Amino acid sequence: MWEDVEFSILHPADPAPAKNGFSLDIDVAKQVLQELLGYQDRLGLMKRKVSTLCSMKPPSKDPSTMAMHVAMVGDGRGKLGAFSYGGGHIDLQLDYVTELIDRIRKALAAIGQSDQDQAAAVEKTHPGTGSRGNFG
């Protein structure tokens with residue numbers, strides 16, 4: 001279902017952009033992640049509202065009201081209504097946003113792990129200097 005487009009988050013030590021796809025700098029990636037989390041929350045709220053709309057009962061049993069009700073929420077036996085189709089689109093958007101959030105989090109975590117690994121290597125090479133080094 002997902003068409004992969006390669007993206008990377010630029011590490012400050014190696015800021016070469018991706019050859020195929022696009023690259024984000026760390027601060028931009030964090031900002032995009034925060035915006036996506038907000039969007040994910042809004043989509044979750046929309047999904048709950050659609051669920052409520054789809055569980056409505058018709059206000060009366062007359063034929064025109066029933067026909068309108070089926071057109072809006074479906075018949076409960078497999079025929080979908082407009083709200084159900086809208087809910088399906090919200091589900092697709094939510095899946096997409098969730099996948100993108102996961103990928104950005106993994107990329108940021110990999111950069112964080114790389115930074116920790118480099119700090120540990122510096123500490124082994126120059127004990128007691130930390131990441132500042134001893135150049136004087």
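Per-structure values
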quantity: Qualifying residue in region 64-87 (condition: modelled with pLDDT of 90 or more and surrounded by fewer than 12 Cβ atoms within 10 Å (Cβ to Cβ)); calculated: yes
quantity: Residues being within 16 Å of LEU100 (Cα to Cα) and out of contact with any Lys or Arg (no Cβ under 8 Å at 6 or more places or on another chain) - total across region 26-79; calculated: 17
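The values are calculated or read from the model by the stated rules, or taken from the named source; none is laboratory data. These figures come from a predicted structure and were not determined experimentally. Backbone-built Cβ (ideal geometry, glycine too); neighbour counts: all protein chains shown.
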